[in-house]
Each structure stands twice: as C-alpha cells, then as structure tokens.
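Asker: Input: one structure, supplied below.
The values are calculated or read from the model by the stated rules, or taken from the named source; none is laboratory data. All values reported here derive from a predicted model rather than from experimental measurement. Reconstructed Cβ throughout: ideal geometry from the backbone, glycine too, with neighbour counts over all protein chains shown.
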Amino acid sequence: MVVVRGVPWWGVVSSAAAPVLLVGGWTVAAGLQPRPFNAVTGTISALAAVGAADRWVMTLAFLIVGACDVVSGLALRPAGAPGRLILIAGGVAGMLVAASPLPAAGGVSLSHRFWAVVGFAALAAWPVAAQRRGPSVPWALRPAVAACATGVLLGLLAWFGAELVTGGGLAGLAERFLGGAQAVWPLAVVLSCNRSQRPLVPA
C-alpha cells in the first residue's frame with residue numbers, strides 16, 4: 001500500500017495555528033489581568049482559573065489549541081498510526097483541561113491536574129510513536145529525530161514537574177517552554193512531510 005507523503009491544507013493550517021494561538025492566548029490573557037502577571041512564576045492555567053480576569057481568553061485558547069491538535073493528528077497521514085492517535089488524545093485532554101478550570105484563590109482541582117498530566121504526557125510521547133522507517137521517510141518522522149524530539153519534550157516536562165513539586169519559582173517559565181515546544185513540533189512534522197510529495201511505502 002502506498003501512502004502519500006504530503007499533509008492536506010487543513011492540517012497545515014491547524015498545525016500552524018496551534019503555537020500562534022497558544023502564545024497569543026497566554027500573552028493577551030496576562031495583559032488583561034488587573035495586576036501585573038508574572039509569567040516566570042505564574043502558570044498558564046492560572047489565567048483560566050475561576051476568578052481570573054477575562055478567563056475566557058485562556059479557556060478559549062486551550063479549547064482551540066486542543067482542537068488543532070486533534071485536526072493535525074487526523075491530517076498527519078504519513079505518520080505512524082500510534083503517534084497520530086496519541087496526538088489526538090493529547091488534544092482532547094487539552095480541551096478537557098479547559099473544561100476543568102482551577103478554582104479561585106489558588107485551589108486544587110484533581111480533574112484539572114489529571115487532564116493536564118494526560119495532555120502533557122501524550123504531547124511528549126507522540127513523536128516517537130509516530131516514527132516511520134525507510135529512506136524516503138520525512139526527516140521529522142525518522143526514528144532518531146522522533147526519539148530526540150520526545151527526549152527533549154520529556155526533559156521539559158520533568159523540569160516543569162520539578163518546579164511544581166519543589167516550588168523553585170520558575171513554574172511559569174518551564175510550562176511556557178514545554179507548551180510552546182509541544183505546540184511547535186506538529187508543525188515541524190507537517191512541514192517535513194510537505195517538502196516532497198513523492199509516494200512513501202510504509203515499513
């Protein structure tokens with residue numbers, strides 16, 4: 001069976017929109033807070049928490065970015081099916097994070113934590129699960145590159161987790177590095193797939 005290497009236009013749009021909407025969402029939401037928001041210490045979820053000013057901005061960003069991940073997973077036909085499914089699952093988890101906001105006054109929401117962990121883990125693991133083998137495989141889907149991408153994302157996830165556990169004061173910065181990298185990687189894979197439209201024979 002021959003699989004086309006390229007990704008349809010709607011997959012290109014979704015993968016390109018995700019990082020723009022995520023960064024734009026947390027930037028606009030932070031600017032709407034009545035008091036200066038410290039992006040180094042404050043997490044993105046705090047901008048969508050109950051009681052946050054204009055919390056709908058970050059909530060909407062979570063929802064749309066999650067939907068973009070789902071669409072990108074459906075469009076990435078050259079990628080391995082397990083990776084596509086994990087990417088879709090990560091997108092759904094992101095939308096469920098938006099549906100489970102943190103309570104006011106720094107409270108704890110178990111559902112928010114659960115879906116956040118699922119989402120972050122899925123978006124870190126999907127590159128290695130999407131790998132393909134063969135001389136004509138797009139560079140971002142090659143085993144070494146995919147493993148490296150997952151390694152970097154897991155490293156950023158470990159940093160974010162450590163900041164939350166230890167209270168190191170860099171939780172917001174770590175989360176932004178992690179979220180930004182996870183949002184950009186689907187776009188990198190899509191661009192690598194669309195560099196050539198030659199047929200790809202799956203291994």
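Asker: Is it fair to say PRO143 is in contact with a helix residue (DSSP H, G or I) (Cβ under 9 Å, 6 or more places away or on another chain) and surrounded by fewer than 17 Cβ atoms within 10 Å (Cβ to Cβ)? Full working, then the answer.
Answerer: On the way: in contact with a helix residue (DSSP H, G or I) (Cβ under 9 Å, 6 or more places away or on another chain): yes; surrounded by fewer than 17 Cβ atoms within 10 Å (Cβ to Cβ): yes.
Judged against the criteria, PRO143 is a match.
Asker: Of all residues in the range 103-152, count the ones that are assigned to a helix (DSSP H, G or I) and either under 22 Å from ASP69 (Cβ atoms) or among the aliphatic types (A, V, I, L, M) (or both). Don't jump to the end; show me each part of the working.
Answerer: Filtering the range 103-152 down to residues assigned to a helix (DSSP H, G or I) leaves 110-129, 139-141, 143-152.
Now drop any that are not either under 22 Å from ASP69 (Cβ atoms) or among the aliphatic types (A, V, I, L, M) (or both), which leaves 110-129, 139-141, 144-152.
Going through the range 103-152 one residue at a time, the tally reaches 32.
Asker: Consider TRP26 carefully, then state whether it is farther than 25 Å from LEU164 by Cα and in contact (Cβ under 8 Å) with a residue 12 or more places away in the chain.
Answerer: no
Asker: In the range 163-179, which residues are out of contact with any helix residue (DSSP H, G or I) (no Cβ under 9 Å at 6 or more places or on another chain) and part of a helix (DSSP H, G or I)?
Answerer: Looking only at the range 163-179, we keep the residues that are out of contact with any helix residue (DSSP H, G or I) (no Cβ under 9 Å at 6 or more places or on another chain), and these are 165-167.
Across the range 163-179, the qualifying residues are VAL165, THR166.
Asker: Go through LEU21, LEU32 for me and flag whichever is closer than 25 Å to ALA121 by Cβ and surrounded by fewer than 23 Cβ atoms within 10 Å (Cβ to Cβ). Before the answer, list the steps.
Answerer: Values: LEU32 fails: closer than 25 Å to ALA121 by Cβ.
Exactly one residue qualifies, and that residue is LEU21.
Asker: Within the range 33-65, can you find the residues that are touching a helix residue (DSSP H, G or I) at 6+ places or on another chain (Cβ under 9 Å), of a type outside the set (A, V, I, L, M) and either free of Cβ contacts under 8 Å to residues at least 12 places away in the same chain or more than 27 Å from GLY169 (Cα to Cα) (or both)?
Answerer: PRO36, PHE37, TRP56
Yes/no matrix, rows are residues, columns are (1) at pLDDT 95 or above; (2) over 15 Å from the mean Cα position of the chain (by Cα):
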| position | (1), (2) |
| --- | --- |
| ALA18 | yes, no |
| VAL40 | yes, yes |
| ALA49 | no, yes |
| PHE62 | yes, no |
| ASP69 | yes, no |
| GLY73 | yes, no |
| ARG84 | yes, no |
| LEU102 | no, yes |
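Asker: What number goes with the only condition from (1) assigned to a helix (DSSP H, G or I); (2) farther than 21 Å from VAL108 by Cα; (3) not acidic (Asp, Glu) that PHE160 does not pass?
Answerer: (2)
Asker: If you check every pair at least six apart or on different chains, which have Cβ atoms under 7 Å apart with a residue in the range 124-145 that is over 23 Å from PHE160 (Cβ atoms) first and a residue that is among the charged types (D, E, K, R) second?
Answerer: GLN131/ARG142; SER136/ARG198; PRO138/ARG5; PRO138/ARG195; LEU141/ARG132; PRO143/ARG133
Asker: Take the conditions crowded, with 18+ Cβ neighbours inside 10 Å, assigned to a loop (DSSP other than H, G, I, E, B), modelled with pLDDT of 95 or more and on the phi < 0 side of the Ramachandran plot and apply them to GLN182. Does it pass? Explain how you work it out, then say what you get.
Answerer: On the way: crowded, with 18+ Cβ neighbours inside 10 Å: yes; assigned to a loop (DSSP other than H, G, I, E, B): no; modelled with pLDDT of 95 or more: yes; on the phi < 0 side of the Ramachandran plot: yes.
For GLN182, the condition - crowded, with 18+ Cβ neighbours inside 10 Å, assigned to a loop (DSSP other than H, G, I, E, B), modelled with pLDDT of 95 or more and on the phi < 0 side of the Ramachandran plot - is not met.
Asker: Still on this model: Test each condition in (1) outside any helix (DSSP H, G or I); (2) under 19 Å from GLY179 (Cβ atoms) for SER45 and report the one that comes out false.
Answerer: With respect to (1) outside any helix (DSSP H, G or I); (2) under 19 Å from GLY179 (Cβ atoms), SER45 is out only on (1).
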